[in-house]
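The values are calculated or read from the model by the stated rules, or taken from the named source; none is laboratory data. Everything numeric here is computed off the predicted structure, so don't read it as measured data. Counting neighbours? That spans all protein chains shown, and the Cβs are built from the backbone with ideal geometry, glycine included. Areas reflect the complete protein model, heavy atoms only, side chains present, ligands, DNA and RNA absent. Shrake-Rupley method; radii C 1.70, N 1.55, O 1.52, S 1.80 Å.
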Amino acid sequence: MTGIVCTPLLSEWLVLRGQVPDLVHTGRSSDGGLGPDSGQPMLVAGVAGALSDELEPGDLVVADEIRGAGEPIPSQASPFLVGELRRAGLTVHHGPLMTTPRIVDAPAARRTLAESGALAVDTESALLAAAAPQGQAIAVRAIVDTPDHRLLRPGTLVRGPRALRSLRRAAPAIDAWAAATGDREVVLAGPRSFCAGVERAIEIVERALARHGAPVYVRRQIVHNLHVVRDLERRGAVFVEEVGEVPEGSLVVLAAHGVAPQVRSDAAERGLRVIDATCPLVTKVHTEVRRFVARSNTVFLIGHHDHEEVVGTRGESPDQVIVVADPDEAARVRVPDPQRVSYVMQTTLAVDEAEATAAVLRNRFPALTAPHKDDICYATTNRQRAVRAVARRADLVLVLGSQNSSNSHRLAEVATAEGVEAHLVDDASGVDLRWLRGATRIGITAGASAPPQLVDDLVRCLSGLGRVSVTETSVVDEDIRFTLPREVS
Ligand code: SF4
């Protein structure tokens, strides 16, 4: 059984008692022992003092690392708990927690500790957490006092209960953590994560920054992933919605999803220097559209109406391109001349669904002409094959990717279609701990725009809940690379 330790000061107030019944003990784990041989994950809950006034009484600190007299104790599953608590509406800080032999109250002493990067200080966590297996301790502490609001002052009578209320509200998340602990097998899908088009787009921005310095303007998200965008922002990229926001004469990178010709004209009118990061496989679809339009054909674009790639592709000829989202729309669509019709596809669709839509069109329009080569790209196809294989071996599939990533959504849908529970999350903090309860075989994949590091981070978090063995199910090796545009090559 998992250990949840409620530290002595807290247990006197009986904050959690009744909220997590049978698991809260004073200074003892729920299985009766705290020794290193207990071999179970452990959560330490209690109160603490903040080391800076940026934290407020009642805020929670979840330690990513617990520092005491010995080596720092990593808390590998802490991102799970941080996400769970934030979704419950609590203010949570995630960073190092310091344990000292005595209460540190004086502001100067706290400032000195703060210089180490620690967020808060207590007197017990490191001592208790040392009993947990490596990486499997968690400490959650509610702030009572800060350098400006010291402990031994009358205000503590107000701040103390505020901290305890926060801990009480944290109890369901702590319950969920306890229920999620256990040993597991992780099955990684191969291939997963970055495709050649995404790697190229990111490299273009990186090289533009290295060559021209910040800021480098980028129209829209360079790829549909929050982590990639934030990382490039930190390095000097400035993301804008339209080229009209870019100062005249500046450098602008066009994102991987492609743009309508109108965007290039707008950029030229402003005298912008343009570097095009459109994936060559998206460019291929634009070329097909132009070819079909030149034959005076109506072009069905099978895809999602509002997706940026679809908006850009349709922009090649808005009067002649009709977006068709699904078989129902394919059954209803009307054209001026049924003898002059062609179709193309968004590159990141679910292969089977897109084919079902194309089949309805073929049925209705025998003269329909197809693209020379499949539009759904190699990366989308391979990742869908891989997640299908993994879903057959798993009782839960987690897909890493952002909510605006089409290909990531499709991965979750493909897994679901195999009859397994599947969820799309931006990173480990997006995992609802309740999904993990009873899930002993977890399949993991990542959309083509999600950095591989996110997969490593998620596996590491899972290993904070118990022992994890990792295998990989690979359906194909990928070795595709695209050349860079001359402006940055
Ligand atoms: Fe290009 Fe396919 Fe990657 Fe999109 S998913 S960037 S089309 S390789």
Original post:
What net charge is computed for the residues neighbouring Pro327, neighbours being all others with C-beta under 11 Å from the C-beta of Pro327, Lys and Arg scored +1, Asp and Glu -1?
Top reply: -3
Original post:
In degrees from 0 to 90, rounded to the nearest 10, what is the angle of the helix 406-417 Cα long axis to the longest principal axis of the chain?
Top reply: 80
**OP:** Tell me what the chain gives for mean residue ellipticity at 222 nm when only DSSP H runs of n ≥ 4 count, each as -39,500 (n - 2.57), the sum divided by the residue total, rounded to 500 deg cm²/dmol.
**Re:** -10500 deg cm²/dmol
**OP:** Rounded to the nearest 10 degrees, what's the angle between the helix 280-294 long axis and the longest principal axis of the chain, both from Cα atoms, 0 to 90?
**Re:** 30
Original post:
Per the Kirkwood definition applied to all pairs of different Cα atoms, how many angstroms is the hydrodynamic radius of the range 281-364?
Top reply: 12.5
Original post:
If r is the Cβ-Cβ distance from Asp328 to Ser469 and R0 is 30 Å, what FRET efficiency results, to the nearest 0.05?
Top reply: 0.10
Original post:
Roughly speaking, to the nearest percent, how much of the chain's 1.4 Å accessible area is carbon and sulfur?
Top reply: 50
Subject >> P(r), alpha carbons of the range 196-278 - 5 Å bins starting at zero, rounded % >> reply: 3, 17, 31, 27, 17, 5, 0
Original post:
What is the packing order of peptides 139-149, 458-468, 260-270, taking the mean over residues of other C-beta atoms within 10 Å and listing the highest first?
Top reply: 139-149, 458-468, 260-270
**OP:** Figure the gain on full extension for Asp183 and Gln262 (residue separation times 0.36 nm, minus the Cα-Cα span) and round it to one decimal in nm.
**Re:** 23.0 nm
Original post:
Which of the listed residues, Val341, Trp177, Ser166, is farthest toward the dipole's positive end in the chain, when Lys, Arg count +1 and Asp, Glu count -1 at the beta-carbon?
Top reply: Val341
Original post:
Given 0.36 nm per residue, what is the gain on full extension from Thr112 to Arg362 after removing their alpha carbon distance, in nm?
Top reply: 82.8 nm
Subject >> Estimated FRET transfer efficiency (Glu242, Glu71; beta-carbon r; R0 60 Å; 0.05) >> reply: 0.70
Original post:
Which far-off residues, 5 or more places away or on another chain, put their amide H under 5 Å from the one on Ala120, with H placed in the peptide plane?
Top reply: Leu51, Met98
Subject >> Radius of gyration, Dmax [the chain; alpha carbons; angstrom] >> reply: 27.0, 85
Subject >> Theoretical gain in end-to-end length, Glu56 to Thr369 [0.36 nm per residue, Cα-Cα removed] >> reply: 106.2 nm
**OP:** Return the FRET efficiency for the residue pair Arg385, His212: r is the Cβ-Cβ distance, R0 is 35 Å, and the value is rounded to the nearest 0.05.
**Re:** 0.30
Subject >> Within the range 86-239: Cβ-based charge dipole about Cα centre, in debye rounded to nearest 20 (Lys, Arg +1; Asp, Glu -1) >> reply: 600
Original post:
Just the accessible area per residue of the chain, please: how many Å² with a 1.4 Å probe?
Top reply: 42
Original post:
How long are the three semi-axes of the equivalent ellipsoid of the range 321-360, in whole Å, if each is the root of 5 times an eigenvalue of the C-alpha gyration tensor, listed from largest down?
Top reply: 18, 11, 9
**OP:** Go through Trp177, Trp435 and list them by solvent-accessible area, largest first, probe radius 1.4 Å.
**Re:** Trp435, Trp177
Subject >> Degrees separating the helix 196-212 axis from the principal Cα axis of the chain, which is the longest one >> reply: 80
